[in-house]
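Participant: Before anything else, here's the structure in question.
Only the coordinates and a few stated rules stand behind these numbers; no lab work does. Nothing here was measured: the structure is a model prediction, and the numbers come from that model. Here the Cβ positions follow ideal geometry from the backbone for every residue, glycine too, while neighbour counts run over all protein chains shown.
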Amino acid sequence: MDISLYKPKRRIKQKHLLHLKDYSATDIYEILYLTQKLKNAFRHGKKHRLLKNNTLAMIFSTPSTRTRLAFETGIQQLGGRSIFLSDEDMQCSRGESMHDTALVLSRYGIDGAVIRTHAQSDVEELAKYGNFPVINGLTDSFDPCQALSDIFTIWETFGHLEGKKLAYFGDGNNTANSLMLAGAKTGMKVCVCSPKEYAPAEDIVTLARNFGDVTITNDTEEAAADADVIYTDVFFSMGQKRTAEKEAALAPYQVNSKILHAAQKDAVFMHCLPARRGEEVTESVIDSTHSIIFEQAENKLHAQKAVMTLLMNKK
Ligand code: CP
Ligand code: NVA
């Protein structure tokens, strides 16, 4: 169903946000409509204590600027509070299992948790043994909060999603995986353009293709042609060692003005940030009038507030 025909009900059946594999188009639309409402309220200085007195545990074992800021300020704006638990603060860094951590957190009246870590299995373990909703704030495999907020940004920019082409260039990483799932489920055409050795994982591509139009190519012209959104991410994700070999393999996939010109006239440039200017994208593109990266960054606040509200406000 096209998003414009959907009437939001302000609830979703999902208990957690682990990876979007099991999210339906309507679950995603619920998040997008609430994001729109919360952004509007924010713009007009309207208070909305939808998570009054709720406590969000924030377990972050890798760095973050946007995701952390969006969850911390977001939960405050919703009337709740957060407890930030970095790797050094947690006994997990000394070998305590996620199983035991989940059972302990369950005894302290936590209303929800966001976790940013490397292993997807840690996020799933926390959800399995905890008694609270778990939100994936990025793993090596997926970044569902980013993809939801990006799809919102695309909807807000163009007024619809159905048939819009998103062309992603570069490393077939966590960002690409989640964009394929979210884009395919919301009726977009998603094209990932990478060298074969850095293409997204086949099982995720196969899964995403069950829901919609997903193309994988190493032809940059084919990918850019008629694209409405040109998207890229860093060549080296957190925890990955820089190698000359990967840098050379990905260099031809840099988003530059040639790629932007091959896209639609009104195409936008997106990047989840942080960016390495001059590596995966040229300065001329990231600073061009096509670039909507800071709108995109702001929308993480609104989208993450929507995710928290729909998952935590179920009592
Ligand atoms: N896009 C994003 O998740 O940014 P941070 O790593 O700064 O949170
Ligand atoms: N792919 C990047 C995204 C950062 C928001 C990383 O995992 O480091």
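Participant: In nanometres, what is the gap between the two model label sites at residue 40 and residue 287, each 7 Å from Cα along Cα-to-Cβ?
Facilitator: Between residue 40 and residue 287, the label points sit 3.7 nm apart.
Participant: Determine the calculated [θ] at 222 nm for the chain from helices alone, applying -39500 (n - 2.57) to every DSSP H run no shorter than 4 residues and normalising by the residue count; nearest 500 deg cm²/dmol.
Facilitator: -12000 deg cm²/dmol
Participant: Based on the alpha carbon coordinates of segment 85-142, what radius of gyration and maximum Cα-Cα distance (Dmax) apply, in Å?
Facilitator: So, for segment 85-142, Rg and Dmax equal 10.6, 29 Å respectively.
Participant: Suppose the chain between residue 97 and residue 273 were pulled fully straight at 0.36 nm per residue; how much longer would it get relative to their current alpha carbon spacing?
Facilitator: So the extension gain works out to 60.3 nm.
Participant: Turning to a different aspect of this structure: In a Gaussian network model over the chain where Cα atoms closer than 10 Å are linked, find which of 108, 29, 198 has the largest mean-square fluctuation.
Facilitator: 108
Participant: Where does helix 293-312 land angle-wise versus the long Cα axis of the chain, in degrees 0 to 90, nearest 10?
Facilitator: Between helix and principal axis, roughly 40 degrees.
Participant: Given the options 66, 242, 49, which has the most mean-square fluctuation in a GNM of the chain, springs set between C-alpha atoms less than 10 angstrom apart?
Facilitator: Among 66, 242, 49, the largest mean-square fluctuation in the Gaussian network model of the chain belongs to 242.
Participant: Here's a follow-up. Based on the Cα coordinates of the chain, what is the per residue volume of their convex hull in Å³?
Facilitator: For the chain, the hull spanned by Cα atoms encloses 126 Å³ per residue.
Participant: Note down the nm distance, to one decimal, between modelled labels 7 Å out along Cα→Cβ at residue 203 and at residue 90.
Facilitator: 2.3
Participant: Specify which residue in the list 217, 183, 109 is farthest towards the positive end of the charge dipole of the chain, using unit charges on the beta carbon of Lys, Arg (+1) and Asp, Glu (-1), about the Cα centre.
Facilitator: Working it through, the farthest residue towards the positive pole turns out to be 109.
Participant: Calculate the radius of gyration of the Cα atoms of segment 79-229 to one decimal place, then report Dmax, the largest Cα-Cα distance, as a whole number, both in Å.
Facilitator: Every Cα atom of segment 79-229 included, Rg and Dmax give 18.1, 55 Å.
Participant: Dipole size in debye (nearest 20) for segment 241-297 around its Cα centre, Lys and Arg Cβ +1, Asp and Glu Cβ -1?
Facilitator: 160
Participant: What does the charge add up to near residue 256, with Lys and Arg as +1, Asp and Glu as -1, over the other residues with Cβ less than 11 Å from its Cβ?
Facilitator: -1
Participant: Now for a separate question. State, as an integer percentage, the relative contact order of the chain based on alpha-carbon contacts under 8 Å between residues 6 or more apart.
Facilitator: Once divided by the residue count of the chain, the mean separation gives 20 percent.
Participant: What's log10 of I(q)/I(0) for segment 216-266 at q = 0.19, 0.22, 0.28, 0.30 Å⁻¹, Debye sum over Cα points only, no solvent?
Facilitator: Rounded to two decimals, the profile gives -0.70, -0.85, -1.10, -1.19.
Participant: Residue by residue through segment 195-200, which ³J(HN,Hα) values in whole Hz follow from phi under the Karplus form 6.51 cos²θ - 1.76 cosθ + 1.60 (θ = phi - 60°), with glycine and proline marked x?
Facilitator: x, 3, 5, 10, 6, x
Participant: Right, here's the next one. What spacing in nm lies between the two simple spin-label points modelled at residue 7 and residue 226, each 7 Å away from Cα in the Cβ direction?
Facilitator: Result for the modelled spin labels: 3.4 nm.
Participant: Could I ask something else about it? With everything on Cα atoms, drop me the angle between helix 120-129 and the longest principal axis of the chain, reported from 0 to 90° to the nearest 10.
Facilitator: So the inclination is approximately 30 degrees.
Participant: So which lysines can residue 128 reach, going by Cα to Cα under 16 Å and dropping same-chain residues fewer than 8 places off?
Facilitator: Excluding near neighbours in sequence, the set is 15.
Participant: While we're here: Only Lys, Arg, Asp and Glu count, each charged at its Cβ (+1, +1, -1, -1), so figure out the dipole size of segment 1-155 about its Cα centre, rounded to 20 debye.
Facilitator: Result for segment 1-155 is approximately 1140 debye, rounded to the nearest 20.
Participant: If you stretched the chain out fully between residue 244 and residue 49, how much longer would it get, using 0.36 nm times the residue separation minus the C-alpha to C-alpha distance?
Facilitator: Working it through step by step, the gained length comes to 65.2 nm.
Participant: Report the Cα centroid-to-centroid distance between segment 1-54 and segment 250-267 in angstrom, as an integer.
Facilitator: Value for the Cα centre distance between the two parts: 32 Å.
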